[in-house]
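Below is one structure; the comments refer to it alone.
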Amino acid sequence: MKTFSTGFCFFIFFMFSFNPLHAQLDLLKKASTSAKKLINSDKKISNGLTEALKISVQKSCLEASLEGGFLENEKIKITFPKEIIKVKKACKKLGINKIVVNFEEKLNKTAEQVSQQAADIILEAVYDLQFTDALKILDGDDDSATEYLRRNSYDNLYQSFYPKTKNEIEKTGVDELFGVIIKKYNRIPLVKKVDFDLLDYITIKTIDGIFLLIAEKEKDIRNNPNARVTDLLKDLFK
């Protein structure tokens, strides 16, 4: 869009330099009309991308917040942290695998609870987006808008999600259960003591899971006419 606009302006400058006054005025009118079309087109694309993200976010957060939204979806299910998988293996040997299973269930329950509040947080980021190259995003991959949102708002989203996750962790009791597991592991003779940031882990996994769902919804809107539930989406992705 930038290259086209620059070339367009140069063309107008060139034409102005070699035409009489009345012709210049006529060119000015045509240039103004063309410029308005370019601006309106870019605005339309930006509005359409915002609409696509808004619908994708709302549907994704609702899906993730349902009972089993994380636990029963293998694509986003939160498992025992790979960074300390040795702890899980040790728990099996200690005969406390049931505690591990319960812990993993509470991990996902926490993410589901956080997802109930996620839509408003992410939508605020969506509305704040400035699509600097809307046409490129429109013509990009099936998840281009989602990835643009992730790149431009992830850090802020993390800061917003973090206290919500902290609050839900205390409600589900997943942190207490994790403390039991780590305490039992650290008591094993000669093992290196484990210190793991569970709050950070759940926050990141929750955001990543929701973004995966958003990407799926964006892809559906781009490729499935039935998913384009507004006139703007029907017009943009036809």
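List every residue pair whose Cβ atoms sit under 7 Å apart, with the two residues 6 or more apart in sequence or on different chains, where the first one lies in segment 194-222 and is among the basic types (Lys, Arg) and the second, anywhere, is surrounded by 24 or more Cβ atoms within 10 Å (Cβ to Cβ). Listed pairs, sorted by first residue: LYS205/ALA111; LYS217/SER56; LYS217/SER60.
Do we have any residue at all in segment 112-123 that's under 16 Å from GLY48 (Cα atoms) and outside any loop (DSSP other than H, G, I, E, B)? The answer is yes; a qualifying residue exists. Considering only segment 177-195, state which residues are under 32 Å from the mean Cα position of the chain (by Cα) and loosely packed, with under 13 Cβ neighbours inside 10 Å. Hits for segment 177-195 are GLY179, ASP195.
Of LYS77, LYS59, LYS92, all but one fail to be over 30 Å from ASN47 (Cα atoms), assigned to a helix (DSSP H, G or I) and out of contact with any strand residue (DSSP E or B) (no Cβ under 6 Å at 6 or more places or on another chain); the exception is LYS92. Looking only at segment 107-142, residues that are among the charged types (D, E, K, R), out of contact with any Ser or Thr (no Cβ under 8 Å at 6 or more places or on another chain) and surrounded by 19 or more Cβ atoms within 10 Å (Cβ to Cβ) come to 0 in all.
Among the conditions (1) assigned to a helix (DSSP H, G or I); (2) hydrophobic (A, V, I, L, M, F, W, C); (3) farther than 30 Å from LYS93 by Cβ, ILE182 misses just one, which is (3). May I ask you to say which residue of LYS217, LYS183, LYS238, LYS192 is within 22 Å of GLU112 (Cα to Cα) and among the basic types (Lys, Arg)? That would be LYS217, the only listed residue that is within 22 Å of GLU112 (Cα to Cα) and among the basic types (Lys, Arg). ARG150 falls short on exactly one of the conditions (1) surrounded by fewer than 16 Cβ atoms within 10 Å (Cβ to Cβ); (2) touching a helix residue (DSSP H, G or I) at 6+ places or on another chain (Cβ under 9 Å); (3) assigned to a helix (DSSP H, G or I); (4) of a type outside the set (S, T, N, Q), and that condition is (1).
Where a number appears in this text, it was derived from the coordinates with a stated rule and is not lab data. From a predicted model like this one, the values you see are computed outputs, not experimental measurements. Neighbour counts are summed over all protein chains in view; Cβ atoms, including those assigned to glycine, are modelled from backbone coordinates with ideal geometry.
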